[in-house]
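Q: Before we start, here is the structure in question, set down as structure tokens.
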Amino acid sequence: MGEKDRLKKVIFIKNPNKIKDALQFFGLDDYSNKKTLVKLHMGEVKNKYYTKPDFVKLIVKTLKKNSAKPFLYDTTVLYNSKRKYVEGYKKVAELHGFTDEIIGCNVIIDDEGIPVEIEGNTYFVGTELYKVENIVGISHFKGHIASGMGGTIKNFGMGGVTRESKRFMHHSCKPVFNKSNCKYCGVCSEVCPFDAIDVKDDKWNINEDSCFGCGVCTENCKYDAINYVKNDLSYFLACATKACVDNKKIIYINDVNRIARNCDCDPNSGPIICPDVGYFVSDDPVAVDAASLDSIDKLKPNVFQEINKVDPYKQIRYGEKIGLGTSSYELINL
Ligand code: SF4
Ligand code: SF4
């Protein structure tokens with residue numbers, strides 16, 4: 001096998017109408033007569049940048065034309081929002097145009113899950129997601145306050161599991177202070193993007209509510225005085241994604257447009273920090289995120305790292321390390 005054959009294929013399209021050709025490239029025949037889960041984030045109330053119904057409709061239409069039986073899917077969220085409950089999320093989906101009448105298929109919001117073990121931790125994968133074999137992932141690609149960026153790995157890793165697992169991931173990435181190693185230099189306080197740490201004289205305090213588990217403090221402490229409860233959020237996102245996607249037929253689509261500073265869970269996720277790029281499609285979750293991130297890096301080098309102070313490539317490196325996929329890809333323009 002030559003070097004080129006080992007690379008994962010990632011299709012790039014600028015024109016959304018070409019999505020059917022991109023989907024076909026990865027084998028739509030496998031979806032014929034199969035219940036097909038379309039995983040997407042349907043946007044927080046007042047958020048402007050989530051993937052729009054027109055594009056989702058194109059995908060659903062293509063799937064139905066190939067005799068697939070699609071339905072839109074997401075899980076309830078951890079934080080206080082209408083989307084914390086199944087009925088509330090359904091109302092938000094309706095408000096944003098994700099209805100059977102507009103899209104051409106129904107919407108399922110999950111609140112329960114099935115346990116899957118990855119790297120020694122248990123993740124509760126949404127029940128419907130666990131049960132289906134055929135999936136299309138649609139992920140809006142943008143910045144993220146705790147993981148630098150959010151794309152496919154974020155969409156499945158956080159969006160594919162139950163609130164219990166979301167809580168586990170957030171809790172496990174909180175820093176733990178080791179008083180005996182601390183030199184009270186204040187570096188952790190200076191680098192924390194969320195002003196969660198306060199260091200004064202020989203006192204070190206953390207505001208747990210402000211901490212997002214990004215890991216910037218632990219990476220910058222030279223004295224090994226802060227560690228995670230378990231690991232950083234990017235690691236858990238990669239592992240939870242693996243729990244959701246292993247042994248399934250999946251085509252991943254990244255909508256790399258309306259690239260806002262923060263995620264679609266934020267009602268005020270702007271400003272836009274990079275011009276629109278287009279759409280990336282692959283059957284590898286790591287390759288599709290790597291290609292999307294590289295494309296933004298070419299236009300706006302390091303923009304996510306500079307704005308959110310978290311290395312967005314961490315998710316990709318963890319993904320490779322745990323066997324979720326590869327960042328070695330061949331980009332094909334359609
Ligand atoms: S960077 Fe490390 S040594 Fe310095 S104050 Fe923070 S925890 Fe203590
Ligand atoms: S993990 Fe991130 S948000 Fe939490 S205290 Fe450390 S730098 Fe701040």
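The values are calculated or read from the model by the stated rules, or taken from the named source; none is laboratory data. What you are looking at is a predicted structure, and each value in this text was computed from that prediction instead of being measured. Neighbour counts run over all protein chains shown; Cβ positions are idealised from the backbone, glycine included. Heads up: the accessible areas ignore ligands, DNA and RNA and are worked out on the full protein's heavy atoms, side chains in. Shrake-Rupley method; radii C 1.70, N 1.55, O 1.52, S 1.80 Å.
Q: Which number in (1) open to solvent by less than 20 Å² (accessible area, probe 1.4 Å); (2) free of Cβ contacts under 8 Å to residues at least 12 places away in the same chain; (3) not β-branched (Val, Ile, Thr) marks the one condition that residue 301 misses?
A: (1)
Q: Kindly evaluate residue 236 against the criterion of being within 16 Å of ligand 2 (Cβ to nearest atom), in contact with a helix residue (DSSP H, G or I) (Cβ under 9 Å, 6 or more places away or on another chain) and either part of a helix (DSSP H, G or I) or open to solvent by less than 40 Å² (accessible area, probe 1.4 Å) (or both).
A: yes
Q: Test residue 227 against the criterion of being more than 10 Å from ligand 2 (Cβ to nearest atom), at pLDDT 95 or above and assigned to a strand (DSSP E or B), and give yes or no.
A: On the way: more than 10 Å from ligand 2 (Cβ to nearest atom): yes; at pLDDT 95 or above: no; assigned to a strand (DSSP E or B): yes.
For residue 227, the condition - more than 10 Å from ligand 2 (Cβ to nearest atom), at pLDDT 95 or above and assigned to a strand (DSSP E or B) - is not met.
Q: Going by the conditions given, is residue 97 open to solvent by less than 20 Å² (accessible area, probe 1.4 Å), over 21 Å from residue 169 (Cα atoms), part of a loop (DSSP other than H, G, I, E, B) and at pLDDT 95 or above? Give the derivation first.
A: On the way: open to solvent by less than 20 Å² (accessible area, probe 1.4 Å): yes; over 21 Å from residue 169 (Cα atoms): yes; part of a loop (DSSP other than H, G, I, E, B): yes; at pLDDT 95 or above: yes.
Criteria met by residue 97.
Q: With the condition kept exactly as written, say whether any residue in region 287-295 is farther than 19 Å from residue 191 by Cβ, among the charged types (D, E, K, R), at pLDDT 95 or above and crowded, with 22+ Cβ neighbours inside 10 Å. Walk me through how you get there before you give the answer.
A: Within region 287-295, the first condition is being farther than 19 Å from residue 191 by Cβ, and the residues that meet it are 287-295.
Applying the additional criterion that residues be among the charged types (D, E, K, R) yields 289, 294.
Those left that are additionally at pLDDT 95 or above: 289, 294.
Next, only the ones that are crowded, with 22+ Cβ neighbours inside 10 Å stay: 289.
Checking region 287-295: at least one residue is farther than 19 Å from residue 191 by Cβ, among the charged types (D, E, K, R), at pLDDT 95 or above and crowded, with 22+ Cβ neighbours inside 10 Å.
Q: Right, next: Considering only residues that are among the aromatic types (Phe, Trp, Tyr) and farther than 10 Å from residue 226 by Cβ, look in region 176-210 and name the one that is nearest to ligand 1 (Cβ to nearest atom). Lay out the reasoning, then the answer.
A: Within region 176-210, the first condition is being among the aromatic types (Phe, Trp, Tyr), and the residues that meet it are 177, 184, 194, 204.
Okay, now just the ones that are also farther than 10 Å from residue 226 by Cβ, so 184, 194.
Details: 184: 5, 194: 15 Å.
Out of the qualifying residues, it is 184.
Q: Here is a list: 311, 289, 294, 255. Which entry is out of contact with any Lys or Arg (no Cβ under 7 Å at 6 or more places or on another chain), part of a loop (DSSP other than H, G, I, E, B) and not β-branched (Val, Ile, Thr)?
A: Numbers: 289 fails: part of a loop (DSSP other than H, G, I, E, B); 294 fails: part of a loop (DSSP other than H, G, I, E, B); 255 fails: part of a loop (DSSP other than H, G, I, E, B).
When all the criteria are applied, what remains is 311.
Q: Tell me, yes or no, whether region 200-210 has at least one residue that is closer than 27 Å to residue 44 by Cβ, open to solvent by 10 Å² or more (accessible area, probe 1.4 Å), more than 16 Å from ligand 2 (Cβ to nearest atom) and not in a loop (DSSP other than H, G, I, E, B).
A: No, region 200-210 contains no residue that is closer than 27 Å to residue 44 by Cβ, open to solvent by 10 Å² or more (accessible area, probe 1.4 Å), more than 16 Å from ligand 2 (Cβ to nearest atom) and not in a loop (DSSP other than H, G, I, E, B).
Q: Would you confirm, using the coordinates I've provided, whether residue 226 is touching a helix residue (DSSP H, G or I) at 6+ places or on another chain (Cβ under 6 Å) and open to solvent by less than 10 Å² (accessible area, probe 1.4 Å)? Spell out the reasoning first.
A: Working: touching a helix residue (DSSP H, G or I) at 6+ places or on another chain (Cβ under 6 Å): yes; open to solvent by less than 10 Å² (accessible area, probe 1.4 Å): yes.
Taking the combined requirement at face value, the residue satisfies it.
Q: Right, something else. Are any residues in region 73-90 of a type outside the set (A, V, I, L, M, F, W, C) and either surrounded by 14 or more Cβ atoms within 10 Å (Cβ to Cβ) or more than 26 Å from residue 164 (Cβ to Cβ) (or both), and if so, which ones?
A: Start the filter on region 73-90 by keeping residues that are of a type outside the set (A, V, I, L, M, F, W, C), which leaves 73-76, 79-85, 87-90.
If the condition is that a residue be of a type outside the set (A, V, I, L, M, F, W, C) and either surrounded by 14 or more Cβ atoms within 10 Å (Cβ to Cβ) or more than 26 Å from residue 164 (Cβ to Cβ) (or both), then 73, 74, 75, 76, 81, 82, 83, 84, 85, 88, 89, 90 are the ones that fit.
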